[in-house]
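Here is the structure we will look at.
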Amino acid sequence: MNKIPDASKRVMNISKSAIHEMTRLSKQYDDVAFLSWAKPTSDTPEFIREAAVEAIRNGLTGGYSPSQGLPELREAICRKLVKDNNIEADITDILVTVGAIEGLAAAVMATIDPGDEVILPTPTYSTHARQVLMASGIPVFAPTIEDDGFRLDLQAISDRITDKTKAIMLCSPANPTGSVFPESILRGLGEIALENNLFIITDEAYEYFVYDDACHFSIASIPELRKNVISCFTLTKTYAMTGWRIGYLHADSSIIPQINKAHIPLSICAPVVSQYAALAALHGSQECVEHFRTKYCSARDLMCSRLDRLPDSFSYQKPEGSYLMFPKVLHTSISRGSLHFARELLHEVKVSVTPGIAFGPTGENHVRMSFCVPPDVIEKAFDRIEDFFKIKL
């Protein structure tokens with residue numbers, strides 16, 4: 001009898017994605033109130049869709065683009081970075097990627113050797129830690145300060161630096177907490193990176209979705225950090241283009257060829273039809289972005305108002321950005337852990353949330369909820385959550 005070969009230990013030791021697991025489990029039920037996936041329910045704006053159709057009709061999308069992306073798209077990205085992020089950029093600093101995710105993966109592969117340590121503020125986006133593990137690196141978790149809006153703790157980061165530390169990887173606005181790290185804190189982080197000769201790899205997927213008095217700050221705008229920072233962006237969140245899989249990466253031109261070496265075997269190039277759609281998105285009216293931001297802000301306020309009705313069951317930090325929040329479960333039903341709680345909530349009242357343990361060691365006893373859904377979904381979900389807690393009395 002032939003023995004079946006094993007998968008790599010590297011992959012076998014990585015846990016399943018709790019986000020996608022909740023999606024899979026949710027498909028077993030009808031009429032689920034779905035708060036567990038950060039996927040906009042809005043459609044891509046029509047002018048972007050029409051540009052893609054036009055590119056197809058003109059025969060522009062059937063072949064590969066240059067691996068770094070269409071030159072005209074990279075030029076448009078440079079103009080956007082100057083205007084919106086205060087980042088001076090040349091097209092030699094730009095790599096068009098398959099969403100921010102592939103750019104982050106390529107950046108990690110290009111900078112991390114086996115055994116290198118990467119510091120991740122926790123709670124952290126679960127995929128970031130997996131990307132480090134896929135590169136045979138070691139994720140090192142530095143807790144944020146929850147009672148201060150999950151603020152970045154520079155001392156905790158400094159305390160975790162060793163001679164094996166190679167990079168710091170973070171997301172702002174943050175997934176899953178919705179925190180927006182202010183310029184003063186990020187400048188302090190930059191000083192730590194310079195003192196210790198570290199890369200900073202940023203995920204800025206939610207850059208336009210900030211609320212109240214919060215401002216998004218791109219750390220790559222600090223000239224002294226030009227050779228240290230690799231910044232990953234995406235159009236998929238900004239323009240409700242999650243299925244188009246299109247993003248881009250900015251870094252100093254000296255490191256871009258090395259990142260491109262990782263990018264090519266991962267993807268060859270970003271989907272060409274999506275690159276033409278991205279070009280239209282950047283050239284067109286940005287009213288849709290403000291429309292999305294306003295809608296998400298209203299949905300955030302609605303979700304907060306519903307959480308306020310359950311003070312004995314949840315505590316939360318009001319998100320300053322993204323379309324995600326990370327409430328802590330106070331109810332005794334969390335006693336068996338956030339994964340069990342999420343499964344029970346789905347089974348008993350058909351509400352899907354993501355268990356907090358997926359986002360690092362300080363995520364336990366929390367759940368991630370997405371508010372990029374219609375208001376009636378939020379209302380339905382919380383009506384059912386209230387019923388769930390009544391059952392548990």
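Summary table
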| quantity | calculated |
| --- | --- |
| Flag if Ile87 is modelled with pLDDT of 95 or more, of a type outside the set (Gly, Ala, Ser) and either at positive phi or not in a strand (DSSP E or B) (or both) | yes |
| Filter result for Arg384 (touching a residue at least 60 places away in the same chain (Cβ under 8 Å) and closer than 18 Å to Ser179 by Cα) | no |
| Pairs with Cβ under 6 Å, 6+ apart, first in the range 85-96 and assigned by TED's automatic domain parsing to the domain that holds Ser172, second at pLDDT 95 or above and charged (D, E, K, R) | Ile91/Arg74; Ile91/Glu75; Ile94/Arg74 |
| Among (1) in a helix (DSSP H, G or I); (2) in contact (Cβ under 8 Å) with a residue 24 or more places away in the chain; (3) out of contact with any Leu (no Cβ under 7 Å at 6 or more places or on another chain) - the single one Gln155 does not satisfy | (2) |
| Checklist (1) at pLDDT 95 or above; (2) more than 15 Å from Phe314 (Cα to Cα); (3) in contact with a Lys or Arg (Cβ under 9 Å, 6 or more places away or on another chain) applied to Ala358, failing item | (1) |
| Residue list for the range 170-199, restricted to those being assigned to a loop (DSSP other than H, G, I, E, B) and surrounded by fewer than 24 Cβ atoms within 10 Å (Cβ to Cβ) | Pro182, Asn197, Leu198 |
| Pairs, first under 18 Å from Asn86 (Cβ atoms) and outside the structural domain of Ser322 (by TED's automatic domain parsing) in the range 204-216, second assigned to a strand (DSSP E or B) and among the aromatic types (Phe, Trp, Tyr), C-beta under 8 Å, six or more apart | Glu204/Phe233; Glu207/Phe233 |
| Qualifying residues in the range 362-393 (those that are part of a helix (DSSP H, G or I) and of a type in the set (Val, Ile, Thr)) - the one farthest from Lys318 (Cα to Cα) | Ile391 |
| Close pairs (7 angstrom Cβ cut-off, 6 or more residues apart or separate chains): free of Cβ contacts under 8 Å to residues at least 60 places away in the same chain in the range 159-183, in a strand (DSSP E or B) and polar (S, T, N, Q) anywhere | Leu170/Thr202 |
| Members of the range 211-239 found to be over 14 Å from the mean Cα position of the chain (by Cα) and hydrophobic (A, V, I, L, M, F, W, C), listed by number | Ala214, Cys215, Phe217, Ile219, Ala220, Ile222, Leu225, Val229, Ile230 |
| Filter pass, Thr202 being crowded, with 23+ Cβ neighbours inside 10 Å, polar (S, T, N, Q) and under 26 Å from Glu46 (Cα atoms) | no |
| All helices (runs of 4 or more DSSP H) inside the range 251-361 with 3 or more residues being crowded, with 23+ Cβ neighbours inside 10 Å and assigned by TED's automatic domain parsing to the domain that holds Pro176 | 272-283 |
| Condition met for Ala167 (within 21 Å of the chain's Cα centre (by Cα), at pLDDT 95 or above, in a loop (DSSP other than H, G, I, E, B) and buried (at least 20 other Cβ atoms within 10 Å of the Cβ)) | no |
| The range 98-133: number of residues that are surrounded by fewer than 24 Cβ atoms within 10 Å (Cβ to Cβ) and on the phi > 0 side of the Ramachandran plot | 1 |
| Answer from Glu46, Glu75 - the residue that is of a type outside the set (S, T, N, Q), without any contact (Cβ under 8 Å) to a residue 24 or more places away in the chain and in contact with a helix residue (DSSP H, G or I) (Cβ under 7 Å, 6 or more places away or on another chain) | Glu75 |
| Single unsatisfied condition, Leu310 versus (1) under 19 Å from Pro40 (Cβ atoms); (2) touching a residue at least 12 places away in the same chain (Cβ under 8 Å); (3) not small (Gly, Ala, Ser) | (1) |
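So that you can scan it fast, the table gives a plain yes or no per residue for (1) part of a helix (DSSP H, G or I); (2) in contact with a helix residue (DSSP H, G or I) (Cβ under 9 Å, 6 or more places away or on another chain); (3) farther than 17 Å from Leu95 by Cα:
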| residue | (1), (2), (3) |
| --- | --- |
| Glu207 | no, yes, yes |
| Asp213 | no, no, yes |
| Phe217 | no, yes, yes |
| Glu224 | yes, yes, yes |
| Phe233 | no, yes, no |
| Lys237 | yes, yes, yes |
| Ala240 | no, yes, yes |
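The values are calculated or read from the model by the stated rules, or taken from the named source; none is laboratory data. Quantities reported herein were computed from a predicted structural model and do not represent experimental measurements. Note that we place each Cβ from the backbone using ideal geometry, even for glycine, and neighbour counts take in every protein chain shown.
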